[in-house]
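The values are calculated or read from the model by the stated rules, or taken from the named source; none is laboratory data. Every value quoted in this text rests on a predicted model; they were computed, and no experiment measured them. Neighbour counts are summed over all protein chains in view; Cβ atoms, including those assigned to glycine, are modelled from backbone coordinates with ideal geometry.
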Number of protein chains: 2
Amino acid sequence: MSIHSNYGIICSLMIAATATARRTASREKRRHQLIDATMKCIARKGMGSTTLGDVAREAGLSQGIVNLHFESKDNLLKETLASLANEYREQFDKTLHRSGPRPADKLLALLELDFRPSICDRRKLAVWFAFWGEVKSRPTYRRMCDESDRYYDSVIEGLCAELIAEGKYKNIDAMTAADALSSMTNGLWQACLISPQTWDRRKATNAVMSYLRSVFPRHYKQ
Amino acid sequence: MSIHSNYGIICSLMIAATATARRTASREKRRHQLIDATMKCIARKGMGSTTLGDVAREAGLSQGIVNLHFESKDNLLKETLASLANEYREQFDKTLHRSGPRPADKLLALLELDFRPSICDRRKLAVWFAFWGEVKSRPTYRRMCDESDRYYDSVIEGLCAELIAEGKYKNIDAMTAADALSSMTNGLWQACLISPQTWDRRKATNAVMSYLRSVFPRHYKQ
DNA sequence: CAAAAATGAATGAGTATTCATTCAAATTAT
DNA sequence: ATAATTTGAATGAATACTCATTCATTTTTG
């Protein structure tokens with residue numbers, strides 16, 4: 001995303017400035033460009049009907065370009081999922097480390113992150129769901145998603161455990177609370193994807209907050 | 001493959017069932033059979049790689065059979081989603097009307113329904129997610145899912161409203177509670193699909209119950 | 001110039017759809 | 001009842017088309 005908009009800007013600047021647009025880009029740039037095009041195509045046409053021709057056209061490049069940089073369509077898709085997952089993880093970790101210092105603030109920041117425009121965006125959600133829809137038949141996708149999920153769950157669970165200790169909450173254990181929060185996020189993304197007229201980021205945030213308030217009332221007031 | 005092996009299979013099924021071997025079945029029976037085969041194929045191979053040949057083979061019938069009964073692959077998929085949605089709705093309505101009489105019992109029954117084996121089954125979840133994964137690019141799928149969701153949400157919200165009135169709960173409104181519950185269910189299905197080793201139906205039910213207990217403590221004890 | 005990057009036409013495997021034909025079952029006639 | 005006729009479900013080979021992949025050629029870079 002940022003990479004791509006930057007790329008576009010840089011390109012136009014170069015064209016304007018030097019009148020010699022680079023026709024060849026570094027390997028990493030091209031790969032990002034192609035992955036970005038792939039996501040756009042998946043969001044617009046669906047994973048099953050996205051062809052390598054579509055991706056190349058979306059990227060403004062030629063037919064054979066994907067095989068040149070990714071060897072196969074299968075590989076392109078795997079790398080696309082990896083890129084999507086990486087991007088989320090970077091934001092997650094950045095949020096985790098920059099927020100705080102209290103666990104209540106960290107937890108809140110992480111949950112709010114999930115409904116920030118850069119993440120809770122229908123185009124991007126469509127891509128996530130496209131991959132989740134293939135999870136049963138593609139063990140690799142499942143493994144990749146599972147691995148990330150476990151990491152996030154463990155962080156959330158740790159934060160919940162701290163809140164429970166701090167607030168001396170009874171009747172709730174950290175794992176259950178973390179499970180509920182993580183699954184609520186996923187379910188709310190689904191709602192944003194399927195019912196955009198009924199759901200928006202604010203409403204989704206509300207639903208999560210209501211859970212936080214009722215389970216950790218001493219940390220999240222009102 | 002040949003007429004004879006198909007004939008043999010169908011014969012034995014029919015003989016067992018009706019004692020009258022038939023090579024031809026009623027239109028509705030065949031359609032159901034084909035939809036069932038479609039779901040099996042989607043769960044096993046994914047939506048994108050499921051071919052009409054796969055479906056026909058899975059059903060033990062011949063190549064052209066799907067177009068004969070459904071005109072097109074597109075139509076077969078739409079009808080498959082419709083069938084899946086219908087099946088859920090029937091169970092939902094049955095549960096709604098048979099449980100009770102108190103709203104707390106009805107709500108609990110509806111939430112437990114979502115994690116009963118017949119519904120929270122990885123094969124079936126895979127099919128749901130396959131369709132959700134195409135929602136952005138297929139307006140029809142989106143509309144179908146959206147329509148159902150609204151109905152379920154409205155029922156759940158009604159029940160929450162009754163609980164809130166009965167229990168004089170403050171700090172929670174029916175819509176927020178219903179939103180949280182519905183989205184949690186969807187998120188938990190995702191967890192069951194992606195992390196079957198970590199998640200099972202019992203754990204998922206737990207997560208939902210924890211929310212119920214913390215939001216409606218006077219109705220769901222302990 | 002050599003190496004790397006990119007092109008885009010050609011290939012061929014695969015697949016949705018069509019349709020002439022077969023055949024079991026139901027209907028009608030004898 | 002038996003035979004003749006009609007029906008329409010089912011088949012599966014043939015068709016037309018799409019698309020991933022390859023590669024000879026061209027363009028760009030250093």
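A few points about this structure:
- Verdict on A:Leu96 being modelled with pLDDT under 95 and either more than 16 Å from DNA strand C (Cβ to nearest atom) or in a helix (DSSP H, G or I) (or both): no
- Scanning the stretch B:179-203 for residues that are in a helix (DSSP H, G or I) and more than 8 Å from chain A (Cβ to nearest Cβ) turns up B:Leu181, B:Trp189, B:Cys192, B:Arg201, B:Arg202.
- Count of residues meeting criterion [closer than 18 Å to B:Leu125 by Cβ and acidic (Asp, Glu)] in the stretch B:56-89: 1
- Across the stretch B:66-78, the number of residues qualifying as surrounded by fewer than 19 Cβ atoms within 10 Å (Cβ to Cβ) and assigned to a helix (DSSP H, G or I) comes to 7.
- Counted residues, the stretch A:113-156 - those being more than 24 Å from A:Ala43 (Cα to Cα) and touching an Asp or Glu at 6+ places or on another chain (Cβ under 8 Å): 1
- When B:Leu113, B:Leu77 are checked against the criterion of being in contact with a Ser or Thr (Cβ under 9 Å, 6 or more places away or on another chain) and within 16 Å of DNA strand D (Cβ to nearest atom), a single residue qualifies: B:Leu77.
- Criterion (more than 20 Å from the chain's Cα centre (by Cα), modelled with pLDDT of 95 or more and either away from chain B (no Cβ under 12 Å) or more than 15 Å from B:Ser183 (Cα to Cα) (or both)) met by exactly one of A:Ile119, A:Ile164: A:Ile164
- Count of residues meeting criterion [closer than 22 Å to A:Lys124 by Cβ and hydrophobic (A, V, I, L, M, F, W, C)] in the stretch B:132-177: 3
- Of residues in the stretch B:6-33 being within 9 Å of DNA strand D (Cβ to nearest atom) and either at pLDDT 95 or above or loosely packed, with under 14 Cβ neighbours inside 10 Å (or both), the one nearest to the chain's Cα centre (by Cα): B:Lys29
- Unmet criterion (only one of (1) facing chain B (nearest Cβ under 8 Å); (2) in contact (Cβ under 8 Å) with a residue 24 or more places away in the chain; (3) among the charged types (D, E, K, R); (4) in a helix (DSSP H, G or I)) for A:Glu134: (4)
- Verdict on B:Arg201 being surrounded by fewer than 19 Cβ atoms within 10 Å (Cβ to Cβ) and in contact (Cβ under 8 Å) with a residue 40 or more places away in the chain: yes
- Here A:Ser99, A:Ser137, A:Ser118, A:Ser72 are screened, and the one residue that is more than 16 Å from DNA strand D (Cβ to nearest atom), farther than 28 Å from B:Arg142 by Cα and of a type in the set (S, T, N, Q) is A:Ser99.
- Filter result for the condition that a residue is out of contact with any strand residue (DSSP E or B) (no Cβ under 8 Å at 6 or more places or on another chain), in a loop (DSSP other than H, G, I, E, B), within 21 Å of B:Leu96 (Cα to Cα) and β-branched (Val, Ile, Thr), over B:Ile119, B:Ile172, B:Ile156: B:Ile119
- When B:Thr176 is tested against the conditions (1) in contact with a Leu (Cβ under 8 Å, 6 or more places away or on another chain); (2) more than 30 Å from A:Thr50 (Cα to Cα), the lone failure is (1).
- Scanning the stretch B:49-65 for residues that are surrounded by fewer than 19 Cβ atoms within 10 Å (Cβ to Cβ), within 20 Å of A:Met47 (Cβ to Cβ) and more than 7 Å from DNA strand C (Cβ to nearest atom) returns a single hit, B:Asp54.
- Flag if B:Ser195 is without any contact (Cβ under 8 Å) to a residue 40 or more places away in the chain and touching a Lys or Arg at 6+ places or on another chain (Cβ under 8 Å): yes
- Unmet criterion (only one of (1) within 8 Å of chain B (Cβ to nearest Cβ); (2) surrounded by 22 or more Cβ atoms within 10 Å (Cβ to Cβ)) for A:Arg213: (2)
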